[in-house]
């Protein structure tokens, strides 16, 4: 360890930005700020990148990965290539694959399925190479403020570096990328939970799961269970490893026994997935995550800005998590860099991208709402509105920050009204 990076030297320095959290949002913000010559300290509480969900990328991540300069590393990696997503009805009938190249003929139509520990390491290494100081095993206990309430000025953090007692570290800006811990959103009561998306996920990794051949080998599969309330993800990973998880309303999963029992019960309700897992080996105990969807009512304050899940979390249905982390990390970096250059790190400056970012999340969320309507299917929607196929694919690729999507959302709203007017299958049958 050089003298410049000893614990005492790190704590004594006044940083342009301290980034809390080493996930994709934090690593992106740190890399882009350091690349511009700013003094950046990234603090991660874990001893290193961890195994976690959020393994499937949307194609629109291409643009931030390109900006970060890591595309060649991604192309050279063992991460499976992902060209499409496919949906399965409760009876096992499959939709036609939604190939991303239908609306994008360029290389950005292809993306990857990633082992998150490896992917996060790649992004953190990139941040360090660009000049950010990355410290693992360094939990942040608090953000330090001058003043009281939401309008107080963030002036640094209190962190325990390398297992030593916590100490104050000064910074002109604090980037909160603490994930669902949402340090500042909780502190200021900013989180607004979506009551219709209080879900849980039970997941594990398997070896030997059957994949489709050719270009479909790396596809994400979304398979409804017979209850229609819950669904499974199927995400191919490197080395014959597949991530498989079930998601549904918390009351339909939690309390149904130990995690393995809940997973096995739901798997029994999804014959199409059971066929793919015949003879497969579970590689680790089933893990449980509560993934309540929420947004914060602001993205920045005086001397601080939120990025990734620290601002908002969206149901994992369409694998939007890493996309939103990368986008928000880049937006946060641009806001901070502009504020530092102008000597203005006010809430107005650091939070100016709120509407653009929140609108993108809401667009994907509208497609999530559609899926959870038990009467909805993409086949039925596109039979009714065939002209919206390209719009649906754009939403599935995550192109909510670069392409218009208003017509598709309007069609989804109209279709939801038609479904409500027609009633459920049981109601239609009762009417004859």
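Segment residue 265..residue 77, full-extension length gain: 64.1 nm, with 0.36 nm per residue of separation and the alpha-carbon distance subtracted.
Highest average first, the peptides 309-319, 271-281, 46-56 ordered by how many other beta carbon atoms sit within 10 Å of their residues are 309-319, 46-56, 271-281. Modelled spin-label separation between residue 217 and residue 402, with each label point placed 7 Å from Cα along the Cα-to-Cβ direction: 2.7 nm.
Cα-based values for segment 359-431, radius of gyration first and Dmax second, are 13.0, 46 Å.
With a Förster radius of 41 Å applied to the beta-carbon distance between residue 89 and residue 118, the computed FRET efficiency rounds to 0.75. Pairwise Cα distances in the chain exceed 41 Å for 17 percent of all pairs. Under conditions of 10 °C and 1.306 mPa s, segment 197-309 yields 103 µm² s⁻¹ as its translational diffusion coefficient, taking Rh as the Kirkwood radius over Cα pairs in the Stokes-Einstein equation. Return the FRET efficiency for the residue pair residue 188, residue 275: r is the Cβ-Cβ distance, R0 is 51 Å, and the value is rounded to the nearest 0.05. According to the calculation, E is roughly 0.55.
Between residue 297 and residue 282, the modelled labels are 4.2 nm apart [label points 7 Å from Cα along Cα→Cβ].
Can you compute the FRET efficiency between residue 51 and residue 153 using 1/(1 + (r/R0)^6), with r the Cβ-Cβ distance and R0 = 30 Å? Round to the nearest 0.05.
With a Förster radius of 30 Å, E is 0.20.
Ordered by the count of other Cβ atoms within 10 Å of each Cβ, fewest first, 191, 82, 93 give 93, 191, 82.
How large is the Kirkwood hydrodynamic radius of segment 116-168, counting all unique pairs of alpha carbons, in Å?
Result for segment 116-168 stands at 13.1 Å.
Taking the average, over residues, of other Cβ atoms within 10 Å as the packing measure, peptides 225-233, 321-329, 156-164 rank 321-329, 225-233, 156-164 from highest down. A simple spin-label model places the labels of residue 142 and residue 346 2.8 nm from each other, with each point 7 Å out along Cα-to-Cβ. For the pair residue 290 and residue 207, the difference between a 0.36 nm per residue extended length and the Cα-Cα distance amounts to 27.4 nm.
With axes computed from alpha carbons, what is the tilt in degrees of helix 354-372 against the longest principal axis of the chain, rounded to the nearest 10 within 0 to 90? Rounded to the nearest ten degrees, it is 30. Here segment 92-251 was treated as a single set of alpha-carbon atoms; its pair distances binned every 10 Å from 0 give 8, 22, 26, 25, 15, 3, 0 percent.
Exposure proxy for 284, 74, 58: other Cβ atoms within 10 Å of each Cβ, ordered fewest to most, give 284, 74, 58. Beta bridges per DSSP, both residues in the chain: antiparallel share near 70 percent. If the chain linking residue 162 and residue 334 were pulled fully straight, counting 0.36 nm for each residue of separation and taking away their Cα-Cα distance, it would gain 59.0 nm.
The numbers here are math on the coordinates, done by the rules we state, and not lab data. Source: prediction; values computed, not measured. Cβ: placed from backbone, ideal geometry, glycine included. Neighbour counts: every protein chain shown.
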